[in-house]
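The values are calculated or read from the model by the stated rules, or taken from the named source; none is laboratory data. If you're wondering where the values come from, they're calculated on a predicted model, not measured in any experiment. Reconstructed Cβ throughout: ideal geometry from the backbone, glycine too, with neighbour counts over all protein chains shown.
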Amino acid sequence: MTVEEWLGEENQLGTDIWTKKYCNDGESFDEWITRISGGNEEIAEYIRKKKFLFGGRILSNRGLDQQGRKVTYSNCYVIDPPEDNIESIFDCAKKLARTYSYGGGCGVDISKLSPRGAKINNAAKETSGSVSFMELYSLVTALIGQNGRRGALMISIDCSHPDVEEFIDLKTDLEKVTKANISVRIHEDFMEAVKKNEEYLLHYKREATGEVIERSVNARELFRRIAETNWDYAEPGALFWDRIEGWNLLSNTKEFSYAGVNPCAEEPLPAGGSCLLGSINLSEFVQDPFTDHAQFDFEGLKHCVDVAVRALNEVLEEGLPLHPLEEQRESVAEWRQIGLGIMGLADCLIKLGLTYGEEDAVEMCDNIGFAMADSAIAASAMLAKEKGPFAACNTEEITSTPYFEANTTEKTRELVRKYGMRNSQLLTIAPTGTLSTMLGISGGIEPVYANYYERKTESLHGTDVYYKVYTKIVENYMKQHGIRNDADLPDYFVTAMTLDYRQRIDMQAVWQTHIDASISSTVNVPNRFTVEETENLYMYAYEKGLKGITIFRDGCKRIGILNTSDKKETKKLSAGEGLKRGEILLVTDDVVGKKRKLTTGCGSLHCIALFDPHTGALLETYLSKGSTGGCNNFMVGLSRMISISARGGIDIETIVDQLNSSGSCPSYTARRVSRKDTSKGACCPMAVGNALMDMYNEMQEELAEKNGGNRSAAARRTEKAPKPKAVNTETETDRMYCPECGEPLVFEEGCNICKCCGWSKCH
């Protein structure tokens, strides 16, 4: 079998993803299957049938240690929370760096750190607070490369910590902690105080000195603050911590505790714990799809779960020596946590003729979820019979947990009583953005985001042509039923933006009933969604028993949603008029020049920009650091690329957007912290982008005054129409673009995902 035969000859995107992300040094598809299956023919067959896939780290890395590669099979880890001393704080940063270097993401909780103003006996006299060290951890995340991407980080804090308000407000500054997700651990006593509109005590006691720092806040106002900040910036997320601690197989085990969650929050883990992932494609278990006789193959699912649990345990055993840190190797060996999940749920429901979120769909998910949980627990018990239970396994404690009692048949209960369990954690629903895009199915438990996406192609004459690309499940249905217009699709083809948002929560809630870990999922809401509605959705999620919730409002300040509106924006101003593909505009002598002196992390940077005297469009840029060497040469090269882009017809907004996505520079960050005298941004390219936009706006104001000042910019630009842009923007709100192909990103399952090339922040 070839990869084309596996994914479909027409699925070029899927083939490209496989080739770029998972294939190692030109290996054939059969060689790849042999490598990632570890010789397990049963799991190899499930992969061939597209019914199961390991997580991305396993697909990429399994077996590469034999070639001397230092890589891990685990997607993410939770680092031991730093203690309240400078040594432990920086030791945590070291652990982050080492884990990133092996390809893992990390979660860190900072609740043990002293709040701002606590007394200390050194030169500072008082602490800068727990939040101040988040910039350090974000910087480490930005610095360590992972084959073209950066590590992923989740930072959490307890809702009772005196710094919680500062934590909530932190990311309202878009230049701070840019390389981390943040979440608040929310407890039941806080939520009860919210309901009753009562005061809530923020409390911290320093172990070193005995100092107690306390103050009261209005719980409802603080909850509202969380919701409002999420509405505006998509963070912080909410972790309902008591539900996390109380709904799992270890909730009665006193010597066990969760230290934090991974970056996408689907895996609560102990200190040093890791998430080893795999996902079952539910859409492949529907028999007679798109017909009145469609039914779900429960027996087939149960067998697949059994095989998958065994396969993940094989990978766990094989990967024990490959964890970056000794504490990680010890934790994984002791607790043996795996994370079997699902993808393709929305496709599965469509094939069954069920409407996502409706009562019959919720009931079907309830049945599937129970079958998965019961089968996974039984499989782990049989592994315990063969290989022994995990080190701290206590059958009485496990069998008396509410989760176990709700998710097992009597047959499975008897197996556990008799043999124990090989694993302390079994099920999770992790992000599957890249995997599901490769297979052409929906991700995780997410609804179909849109029935179609608009793609752009450029004609030979330089004009942009737009066409519909239907989601695969929609395309298949339309072909089978001879439908040519998506308006004729049945009513059960609902999407993320047409779905009732409470129904979306209902779906996550029923799955959480059967998942002993947690779920990475995103409730997408439109731009018109209000703060009050966001607050109510948070409360509804809590009342429905979710372990956490992520809400993403289209067009919020943390951009990232792909808008599928048919409306087109007015073209942005660019240099040149009617340029053909490959042509660039010549610069004449009548240009208008402007300059700025920027203060960067390593000194001064001189920026000169030349503008079209008639339109104000950017034409040319000159950058100089006033020194020799690599950094200055880099700036010279950057200025030339900006210039050729502008003269080729790329608008300044697009150029600046790309410059602003360059990441952060350690020297820049250090100078900003120590001297507070840098120009706006987190690195030189970002500072240049901001300066260019400032000069451009100044140029437009001057042109407005020159031309009478009473005509709109749009009217003036009509007189000298710009050439078609290289990158089209079709949204009513801001968006974030894929760093690989430049297409808009969609935010699902807690991750930015490109539906065009398969890029994902979570890889």
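Listed by first and then second residue, the pairs with beta-carbon distance under 6 Å, at least 6 apart or on different chains, first residue in the range 601-623 and farther than 14 Å from MET635 by Cα, second in a loop (DSSP other than H, G, I, E, B) and charged (D, E, K, R), are PRO613/ASP590; HIS614/LYS720; THR615/LYS720; LEU619/ASP612. Annotation note: Cβ proximity below 7 Å between a residue of the range 494-523 that is over 16 Å from THR428 (Cβ atoms) and a residue that is among the hydroxyl-bearing types (Ser, Thr, Tyr) and in a helix (DSSP H, G or I) (sequence gap 6+ or interchain) occurs for ARG502/TYR540; ILE505/TYR540; VAL523/TYR501. Candidates are the residues of the range 266-325 that are of a type in the set (Val, Ile, Thr) and surrounded by 15 or more Cβ atoms within 10 Å (Cβ to Cβ); the one that is farthest from PRO81 (Cα to Cα) is VAL286. Condition check for GLU533 on (1) assigned to a helix (DSSP H, G or I); (2) within 14 Å of TYR356 (Cα to Cα): one failure, at (2).
Restricting the first residue to the range 1-19 and requiring it to be free of Cβ contacts under 8 Å to residues at least 40 places away in the same chain, which pairs with a second residue that is among the hydroxyl-bearing types (Ser, Thr, Tyr) and outside any helix (DSSP H, G or I) meet a Cβ separation below 6 Å and a spacing of at least six or different chains? Pairs that qualify, where the first residue is free of Cβ contacts under 8 Å to residues at least 40 places away in the same chain and the partner is among the hydroxyl-bearing types (Ser, Thr, Tyr) and outside any helix (DSSP H, G or I): there are none. Kindly evaluate GLY689 against the criterion of being surrounded by 19 or more Cβ atoms within 10 Å (Cβ to Cβ), part of a loop (DSSP other than H, G, I, E, B) and at pLDDT 75 or above. So GLY689 fails the test. Screening ALA376 with (1) surrounded by fewer than 24 Cβ atoms within 10 Å (Cβ to Cβ); (2) in contact with a helix residue (DSSP H, G or I) (Cβ under 8 Å, 6 or more places away or on another chain) gives one miss only, at (1). ASP590 passes every criterion in (1) in a loop (DSSP other than H, G, I, E, B); (2) out of contact with any Pro (no Cβ under 7 Å at 6 or more places or on another chain) apart from (2).
Residues that are buried (at least 19 other Cβ atoms within 10 Å of the Cβ) and in contact with a Cys (Cβ under 8 Å, 6 or more places away or on another chain) were ranked within the range 209-232; the one that is farthest from LYS112 (Cα to Cα) is TRP231. State all residues of the range 169-189 that are touching a helix residue (DSSP H, G or I) at 6+ places or on another chain (Cβ under 6 Å), over 30 Å from ALA682 (Cβ atoms) and not in a loop (DSSP other than H, G, I, E, B); if no residue qualifies, say none. Passing the criteria: only GLU188.
Selection of the range 416-425 for residues being outside any helix (DSSP H, G or I) and over 35 Å from the mean Cα position of the chain (by Cα) yields only GLY420.
Rundown of residues vs (1) at positive phi; (2) charged (D, E, K, R), yes/no style:
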position	(1), (2)
ASP173	no, yes
ASN197	yes, no
TYR204	no, no
GLU207	no, yes
GLU211	no, yes
ARG215	no, yes
TYR233	no, no
TRP247	no, no
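Of these, THR600, THR678, THR615, which one is out of contact with any Phe, Trp or Tyr (no Cβ under 7 Å at 6 or more places or on another chain) and either crowded, with 17+ Cβ neighbours inside 10 Å or among the β-branched types (Val, Ile, Thr) (or both)?
Working: THR600 fails: out of contact with any Phe, Trp or Tyr (no Cβ under 7 Å at 6 or more places or on another chain); THR678 fails: out of contact with any Phe, Trp or Tyr (no Cβ under 7 Å at 6 or more places or on another chain).
Matching residue, one of THR600, THR678, THR615: THR615.
For THR178, are the conditions met, namely being surrounded by fewer than 18 Cβ atoms within 10 Å (Cβ to Cβ), modelled with pLDDT under 95 and hydroxyl-bearing (Ser, Thr, Tyr)? Criteria met by THR178. In the set (1) surrounded by 16 or more Cβ atoms within 10 Å (Cβ to Cβ); (2) over 21 Å from ASN536 (Cα atoms); (3) in contact with a helix residue (DSSP H, G or I) (Cβ under 7 Å, 6 or more places away or on another chain), VAL194 fails one condition alone, (2). Of the residues making up the range 54-81, those that are in contact (Cβ under 8 Å) with a residue 24 or more places away in the chain, on the phi < 0 side of the Ramachandran plot and in a loop (DSSP other than H, G, I, E, B) number 11.
The rows are residues; the columns are (1) at pLDDT 95 or above; (2) surrounded by fewer than 14 Cβ atoms within 10 Å (Cβ to Cβ); (3) charged (D, E, K, R).
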| position | (1), (2), (3) |
| --- | --- |
| SER130 | no, no, no |
| PHE133 | no, no, no |
| SER138 | no, no, no |
| LEU153 | no, no, no |
| ILE186 | yes, no, no |
| LEU201 | yes, no, no |
| GLU207 | no, yes, yes |
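For ASP651, the conditions (1) over 18 Å from ASN697 (Cβ atoms); (2) in contact (Cβ under 8 Å) with a residue 60 or more places away in the chain are fulfilled apart from (1). Annotation for the range 86-98: no member residue is closer than 27 Å to ALA682 by Cα, hydroxyl-bearing (Ser, Thr, Tyr) and crowded, with 23+ Cβ neighbours inside 10 Å. Residues that are over 30 Å from ILE342 (Cα atoms), crowded, with 22+ Cβ neighbours inside 10 Å and of a type in the set (Phe, Trp, Tyr) do not occur anywhere in the range 233-241. Remark: pairs (first residue in the range 155-175, under 16 Å from SER138 (Cβ atoms); second residue basic (Lys, Arg) and buried (at least 21 other Cβ atoms within 10 Å of the Cβ); Cβ separation under 8 Å; 6+ apart in sequence or on different chains) = SER156/ARG185; ILE157/ARG185. For the range 384-395, the set of residues classified as of a type outside the set (Val, Ile, Thr) and within 25 Å of GLN512 (Cβ to Cβ) consists of PHE390, ALA392, CYS393, ASN394, listed by residue number.
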